[in-house]
Every structure is written in C-alpha cells, then in structure tokens.
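Structure first, then comments.
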Amino acid sequence: MAAAQDGRLEDLYSQYFREVLAYCARRGSLDDAYDAANEVFTIAWRRIEDVPVGDAARPWLFVVAKRVLYRRHRSTRRFRRLVEKAGTGPFHGGPDPETVVVQRAEYAAVLQAASQLSIRDREVLNLAAWEGLPHREIAEVLGCSIAAVDQRLHRAKQRLAKHYHATRSQAELRHAAGGERS
C-alpha cells in the first residue's frame, strides 16, 4: 500500500512539480518558490488519499500552493511587524522578481497597470495567463463557478487595459515633455 502511494506521489511530482514551482516563483523569490513547491508536495504526500486522480490533481495542487503561499506571506508580514516593533528598523527585502526581470518600457507599463489591479483581478489573470489553466480549473482553484471565472476574467482584462492605456499615456507625456527640454 505504501509503495503504491509513494509511486503515485512520484508520478505527481514528476508531472506537476515544474508547474507548481513556476506558480510559486511568480508570486515570490525563486528560493522561496522551491521551499513552497516542496511544501506543496509534502502536503500531497501526507494527504495522498485526498489528491484527486487524473487531471483534477493539477488544480488541487494549485489550491494547496495558493494556501501555502498565503501562509508564508502572512508569516513574513508578522515577522516584519515584529522586527519593526523591536526597533531594529524596517525590513527591506530584495527586489521583486518582476523588478529584476522586466527591462523594457512595454513590460514596465503592463506591470504598472497590473499593480493597480486588485489582488483578485491579478490572481485570476495570473491563473489564466501565466499558469495557462482552463476556466474549469481556475474555478476549482478559486472556489467559484466557471461563469464567475468568465466574468471575473473579462472584468479583470478590461480593468488591466484601462490602467495600461492610462500608464502608457502618462509615459508618452513625460517623454514628450522631456524631449521638448532638450
């Protein structure tokens, strides 16, 4: 029995580890992502009988990853508050992965626009765009209906486009103003 469970975990790990790692990495540092992804599979190992069989395992793992990341972020926030209360000064982490990777103006404008979105909008867009999940699996991860996912995704895209165009317009005005000074 235990050998079958270990074999199932190995199959899950080999099939989904990279996707879970990528999900975690896009929401934090790469070092933390490895720890979080490994924690996801530790939970899967402990609860192997709860892990759905087949394609349903993927969204189950993403739900676990979402919860693991939430717990880790909450713990980090608590630690930062504790450090600040202790009077050792504010805690400054390293730059976000986006800050390090994104260099071109187009990407900066998209990131600026996305930063103005709510957490809910960013999450549904990330699940669709970065993770490539179909709406059915997004619904499972978010705990809502497919119709709700359709609506949330549509509205999030509209808000992203609105913020993007506003960001690009501001950048063009700054560029034009800078060009007139030269």
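Please treat every number below as a calculation from the coordinates, not as lab data. None of the values given here were measured: they were computed from a predicted structure. Ideal geometry is used to build each Cβ from the backbone, glycine not excepted, and the neighbour counts take in all protein chains shown.
Which FRET efficiency, nearest 0.05, do residue 30 and residue 115 yield, Cβ-Cβ r, R0 25 Å? Don't skip to the answer; put the middle values down first.
On the way: r = 20 Å, r/R0 = 0.82.
With a Förster radius of 25 Å, E is 0.75.
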Check: So for the pair residue 150, residue 85, with labels modelled 7 Å out along Cα→Cβ, what separation do we get in nm?
Finding: 4.8
Notebook entry, point to check: How high is the FRET efficiency between residue 78 and residue 4 when r is their beta carbon distance and R₀ equals 45 Å, given to the nearest 0.05?
Noted result: 0.70
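Can you sort 41, 79, 17 from fewest to most other Cβ atoms within 10 Å of each residue's own Cβ?
Working: 41 20, 79 11, 17 16.
Starting with the residue having the fewest Cβ neighbours, the order is 79, 17, 41.
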Check: Arranged by the count of other C-beta atoms within 10 angstrom, fewest first, what order do 49, 137, 172, 39 take?
Finding: 49, 172, 39, 137
